[in-house]
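First comes the structure, then the notes that go with it.
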């Protein structure tokens, strides 16, 4: 029974070498996937230090579990699911004690080339509006549940398709779609006042 041709995992060779004990191959996997994983974890935690700490733990866990990786999914789907689960567990432990760090978000924004280009040509009123919108969006993301923030981050910010998110989270595509729908509606409601 064939389910059609499966896409070849671009990390297959590196994973195989890393499973044989080649630490340089694993370092290469870390380098390759760090930027997207950083974006994922940072958008879920809104805290740079927590993100760095979590990434170290995520890669450490992936390294310890690598021998058990059988290649039934793409390597990045596997490591993404580790990252999402560890981040959700971290957020549950952290609870809602710590407010989202807007300074962190603002700092990241001010170093964003596209944002700088967009705002450097603009007038001060527009700049204030963009800054205000970004602040509102950060607040709105902070009001979402951890599960909803995870799907918004993966779908809207990282551009992953529903099927991929479903594999990462271990839930049906229908669940992914309903979480996205609910999260988008919450974000829209929260941002509604800003448009008035």
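Values as computed for the structure displayed
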read-out	value
Residue in region 43-51 that is free of Cβ contacts under 8 Å to residues at least 24 places away in the same chain and crowded, with 16+ Cβ neighbours inside 10 Å present	yes
Single match in 6, 24 (criterion: loosely packed, with under 13 Cβ neighbours inside 10 Å, modelled with pLDDT of 90 or more and farther than 15 Å from residue 154 by Cα)	24
Some residue of region 42-51 being modelled with pLDDT of 90 or more and under 19 Å from residue 166 (Cα atoms)	no
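The values are calculated or read from the model by the stated rules, or taken from the named source; none is laboratory data. Here the structure is a predicted model, which means the values were calculated and not measured. Virtual Cβ from ideal backbone geometry, glycine too; neighbours counted across all protein chains shown.
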